[in-house]
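Here the structure comes first, spelled out in structure tokens, and everything after it is commentary.
The values are calculated or read from the model by the stated rules, or taken from the named source; none is laboratory data. What you see is a predicted model, and the numbers here were worked out from it, not measured in a lab. Backbone-built Cβ (ideal geometry, glycine too); neighbour counts: all protein chains shown. Surface accessibility is based on the protein's heavy atoms, side chains included, excluding ligands, DNA and RNA. Shrake-Rupley method; radii C 1.70, N 1.55, O 1.52, S 1.80 Å.
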Amino acid sequence: MKKLFLIMMMFVPMTMMAQKFGHVNPEDVIQSLPEFTKAQQELETLGKQYEKELTDSQAELQRQAEAYDKNKSTMNATKQQETETKLQEMYQKISEQAQQNQQAFQKAQNDKMQPIYQKVMQAIEAVGKAGGYVYIMQTGSVPFINTDISKDVTSDVKAQLLKMK
């Protein structure tokens, strides 16, 4: 019985050493996906649209402010007050529009990117389970990865993503 126990104790460290560790560069994986490129292009288009709307609104505010400055001396006090109030309201609307655009852009970014991130995580999990890995760590989030005992599974994850299509 003691011999069996000693033999088992000798193999326990060997099984501990046989554990597999991997690391992956998820940014590299994500950037290689066609859906990421498409999402980036759509977000860029949306960002340009929001930027144009704000630029146009600011140009209109600037135009009206210049017209007010030019004609201010010929206006009565009531008309001056009305015009100043209108300009202040325009400025406030532009500020609100900028904030709404930023929120809408962040929501669109989340809506487009979240499925991509989930798909990559599923591929990493599939590679981890299929390869018998104890851990697959993200490069960049860990200060040091010993590449002698940790395998770079980035290409395996990319291959898994191709299978998932």
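Being open to solvent by less than 100 Å² (accessible area, probe 1.4 Å) and in contact (Cβ under 8 Å) with a residue 24 or more places away in the chain narrows it down to one of 59, 104, so name that one. Of 59, 104, the one residue that is open to solvent by less than 100 Å² (accessible area, probe 1.4 Å) and in contact (Cβ under 8 Å) with a residue 24 or more places away in the chain is 104.
Residue 98 satisfies every condition listed in (1) surrounded by 12 or more Cβ atoms within 10 Å (Cβ to Cβ); (2) modelled with pLDDT under 95; (3) of a type in the set (Gly, Ala, Ser) except (2). For the range 33-56, the set of residues classified as touching a residue at least 40 places away in the same chain (Cβ under 8 Å) and within 13 Å of residue 112 (Cβ to Cβ) consists of 33, 35, 36, 39, 42, 43, 46, 47, listed by residue number. When every residue of the range 108-121 is checked against the conditions, none turns out to be modelled with pLDDT of 95 or more, farther than 30 Å from residue 160 by Cα, open to solvent by 70 Å² or more (accessible area, probe 1.4 Å) and part of a helix (DSSP H, G or I). Within the range 8-37, the set of residues being at pLDDT 90 or above and out of contact with any strand residue (DSSP E or B) (no Cβ under 9 Å at 6 or more places or on another chain) comprises 29, 30, 31, 32, 33, 34, 35, 36, 37.
Just wondering, is there one or more residues in the range 29-47 that are open to solvent by 40 Å² or more (accessible area, probe 1.4 Å), farther than 28 Å from residue 164 by Cα and under 25 Å from the mean Cα position of the chain (by Cα)? Checked the range 29-47: at least one residue is open to solvent by 40 Å² or more (accessible area, probe 1.4 Å), farther than 28 Å from residue 164 by Cα and under 25 Å from the mean Cα position of the chain (by Cα). Working carefully through the options 120, 142, find the one that is under 23 Å from residue 41 (Cα atoms) and β-branched (Val, Ile, Thr). So the residue among 120, 142 that is under 23 Å from residue 41 (Cα atoms) and β-branched (Val, Ile, Thr) is 120.
In the range 76-87, the residues that are open to solvent by less than 100 Å² (accessible area, probe 1.4 Å) reach residues that are assigned to a helix (DSSP H, G or I) with C-beta atoms within less than 6 angstrom, at least six apart or across chains, in these pairs: 83/68; 87/65. The residues of the range 139-153 that are under 15 Å from residue 20 (Cα atoms) and not aliphatic (A, V, I, L, M), listed by number, are 146, 147, 148, 150, 151, 152. Scanning the range 126-142 for residues that are among the aliphatic types (A, V, I, L, M) and within 15 Å of residue 156 (Cβ to Cβ), we see that the one that is least open to solvent (accessible area, probe 1.4 Å) is 127. Scanning the range 116-165 for residues that are without any contact (Cβ under 8 Å) to a residue 24 or more places away in the chain and closer than 24 Å to residue 38 by Cα turns up 118, 121, 155, 159, 162, 163, 165.
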